[in-house]
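S.K.: Structure provided below as structure tokens; questions to follow.
None of the figures in this text is laboratory data; all of them are computed from the coordinates on show. As the structure is a prediction and not an experimental result, all values here were calculated from the model. Cβ coordinates were reconstructed from backbone atoms using ideal geometry, including for glycine residues, and neighbour counts include every protein chain displayed.
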Amino acid sequence: MSKQVRIGILGCGPRGMQMAYITNLLPECCVLTAMSDPDEAALQKAKEAFPGIAFYASSDALLDSGKADAVITEVPPAIHTEYVVKALDRGIHVLGEIPAVDSIEEGEYLWEKVNSAKAMYMCGSNPNYRAKTLFLMKLKEMDLLGKPAYIETEYVHGTGNKVSRENWRNAYESCRYCTHSLGPVLQYLGEEFKAVSCMSTYDRLDNGRAHNAMACLLHTESNIVVRFLTAFGLPTYGPQHTTKIMAEKGIVTLYNQKADLYLKGLNEFSSTNKLLEIPFTPEGSSRPMGLKIIDESTFRLGNYGHNGSDNYMLKDFAEAILNNKPSPLGIKEALAMTLPGIYAALSAREGGALKEIRYPWSK
Ligand SMILES: NC(=O)c1ccc[n+]([C@@H]2O[C@H](COP(=O)([O-])OP(=O)(O)OC[C@H]3O[C@@H](n4cnc5c(N)ncnc54)[C@H](O)[C@@H]3O)[C@@H](O)[C@H]2O)c1
């Protein structure tokens with residue numbers, strides 16, 4: 001293989017287009033060679049934006065074309081697994097979009113497939129690459145917060161788009177889109193969720209799926225409780241991602257591109273009770289850019305896509321392929337952050353019944 005991984009993108013919706021732009025920002029390790037979409041209008045838009053590469057109405061044709069060493073699956077969630085497996089079966093590496101799977105059975109299937117594949121699977125969890133997640137991991141490394149007791153994490157995104165049944169946000173329960181919130185929390189905790197109970201509001205489409213909000217309580221083996229909320233049907237000013245970790249030595253609150261840190265004993269006399277307010281994005285610029293956070297090792301510069309996290313994720317993926325390294329974010333992490341949302345949906349359908357979460361590696 002040359003010094004560039006040849007990237008194919010399956011799906012030319014907003015996310016596929018975004019990842020195509022990001023691929024072009026990383027010529028040191030990637031080159032965009034092909035895109036596919038069965039929707040003519042979506043494919044046409046991609047043709048205009050990325051002249052000179054190959055286009056296919058069928059993703060199977062792209063996978064069989066020999067044009068891509070690796071693909072990114074930017075197709076609707078119900079077919080993520082299908083295309084990850086089709087790529088791996090052809091020896092093509094995959095950056096698999098999140099959520100990783102659509103059902104418990106798919107989780108078992110993907111676990112087996114990825115573990116026996118020669119090509120690499122990486123979980124495309126860009127939130128794990130956000131500056132604020134790195135900040136959390138730095139807090140953990142320095143043991144500034146001590147053992148966490150209770151965590152709240154929310155993803156509230158009133159997209160303002162016309163409510164349509166077809167949009168993936170309306171086609172399934174929002175608690176299943178849990179990876180943005182649970183990915184970074186799991187990385188911080190270093191342990192899996194064992195049980196979940198979830199309750200839902202009325203839904204905006206009367207399809208029993210598009211609930212305006214879903215609230216879950218999750219439990220870990222060491223008795224840490226996590227409250228997790230998703231709401232796609234309520235008005236918000238853009239996507240709101242919030243995480244609050246309440247631990248024995250302090251509290252950290254991450255909201256969008258900022259963090260508040262309160263440490264017991266250090267700032268008890270402060271009038272605001274805040275030791276630090278840390279912005280991850282300069283004032284007035286919603287994105288992109290990265291910021292110096294704690295020290296040089298966590299300095300990040302991103303210039304496109306989810307505050308730079310997409311760039312770093314894709315770079316890590318390509319460099320792992322070029323250097324024959326293990327997947328930076330593997331199938332175990334992918335399923336640990338995806339399956340709790342699927343069990344939560346089952347719980348909500350039964351009015352909040354407590355569900356034990358089983359993983360393919362559970363005994
Ligand atoms: N990680 C993130 O930050 C992030 C952000 C937004 C969306 N997503 C994920 O990305 C995926 C795509 O999101 P979107 O907003 O672009 O969705 P979308 O539904 O707007 O677009 C998906 C596109 O895939 C196409 N498609 C359907 N079947 C296909 C196939 N077999 N092969 C190729 N293309 C096919 C559709 O025609 C459509 O153009 C979603 O599944 C979602 O989970 C992730």
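S.K.: For region 311-363, take N as its residue count and report Rg(C-alpha) divided by 2.2 N^0.38 Å.
M.R.: So the Cα radius of gyration is 1.62 times the expected 2.2 N^0.38 Å.
S.K.: Sticking with this one: To the nearest 20 Debye, how big is the dipole of the chain about its Cα centre, given +1 on the beta carbon of each Lys and Arg and -1 on that of each Asp and Glu? Walk me through the intermediate numbers first.
M.R.: On the way: 38 positive and 41 negative charges, 93 e Å.
It works out to roughly 440 debye.
S.K.: Ok, one more. Which value results for Rg/Rh of the chain when Rg is the Cα radius of gyration and Rh the Kirkwood radius based on the inverse mean 1/r?
M.R.: Here the Rg-to-Rh quotient is 0.96.
S.K.: Share of antiparallel DSSP beta bridges in the chain, in percent to the nearest 5?
M.R.: Antiparallel bridges: around 60 percent, rounded to the nearest 5.
S.K.: I would also like to ask the following. Looking at the square roots a ≥ b ≥ c of the eigenvalues of the Cα gyration tensor of region 24-84, which shape do they give, rounded for a/c under 1.5, prolate if a/b is larger than b/c, or oblate?
M.R.: Cα axes put region 24-84 in the oblate bin.
S.K.: Of the options I331, G308, A34, report the single residue whose Cα projects farthest towards the positive end of the charge dipole of the chain (beta-carbon charges: Lys, Arg +1; Asp, Glu -1).
M.R.: Positive-end residue among those listed: G308.
S.K.: Would you mind computing Rg(Cα) / (2.2 N^0.38 Å) for region 189-265, counting N as its residues?
M.R.: Values: Rg = 15.4 Å, N = 77, 2.2 N^0.38 = 11.5 Å.
Ratio of Rg to 2.2 N^0.38 Å for region 189-265: 1.34.
S.K.: Of Y262, Y83, V114, whose Cα points farthest to the positive end of the dipole of the chain (charges on the beta-carbon: +1 Lys, Arg; -1 Asp, Glu; origin at the Cα centre)?
M.R.: The Cα lying farthest towards the positive end belongs to Y262.
S.K.: Would you please classify the overall shape of region 1-102 from the alpha carbon gyration tensor, given that a ≥ b ≥ c denote the square roots of the eigenvalues, rounded means a/c under 1.5, and beyond that prolate means a/b larger than b/c while oblate covers the rest?
M.R.: Taking the square roots of the gyration eigenvalues as a ≥ b ≥ c, region 1-102 is rounded.
S.K.: Still on this structure, please answer the following. When a footprinting reagent is the concern and you count Cβ atoms within 10 Å, what order do I98, I7 take, fewest first? Don't jump to the answer; show the numbers that get you there.
M.R.: Details: I98 23, I7 30.
Ordered from fewest to most neighbouring Cβ atoms within 10 Å, I98, I7 come out as I98, I7.
S.K.: Name the residue farthest towards the positive end of the dipole of the chain from the options G341, N24, V71, assuming +1 on Cβ of Lys and Arg, -1 on Cβ of Asp and Glu, about the Cα centre.
M.R.: N24
S.K.: Please go through region 141-231 and write out the trypsin sites (Lys or Arg not before Pro) that DSSP classes as loop and that have at most 13 other C-beta atoms within 10 Å.
M.R.: Here the trypsin sites (Lys or Arg not before Pro) that fit, given the DSSP loop and packing criteria, are K162, R165.
S.K.: Counting only other residues whose beta carbon sits under 13 Å from that of A215, what net charge do I get with K and R as +1, D and E as -1?
M.R.: Once positives and negatives cancel, what remains is -2.
S.K.: Shifting gears a bit: Past the 25 Å Cα-Cα mark, which pairs from K140/K258; K140/K194; K47/K113; K45/K67? If you can, show how the numbers build up before the last one.
M.R.: Working: K140/K258 18 Å; K140/K194 22 Å; K47/K113 33 Å; K45/K67 20 Å.
Flagged as over cut-off: K47/K113.
S.K.: Further question: Answer rounded, prolate or oblate for region 94-199, using the Cα gyration tensor with square roots of eigenvalues a ≥ b ≥ c: rounded when a/c is under 1.5, else prolate when a/b is larger than b/c, else oblate.
M.R.: Oblate shape, in that a/c is at least 1.5 and b/c is the bigger or equal ratio.
S.K.: Rounded to the nearest 20 debye, what is the charge dipole size of region 213-269 about its Cα centre when +1 sits on each Lys and Arg Cβ and -1 on each Asp and Glu Cβ?
M.R.: The calculated dipole for region 213-269 is roughly 100 debye.
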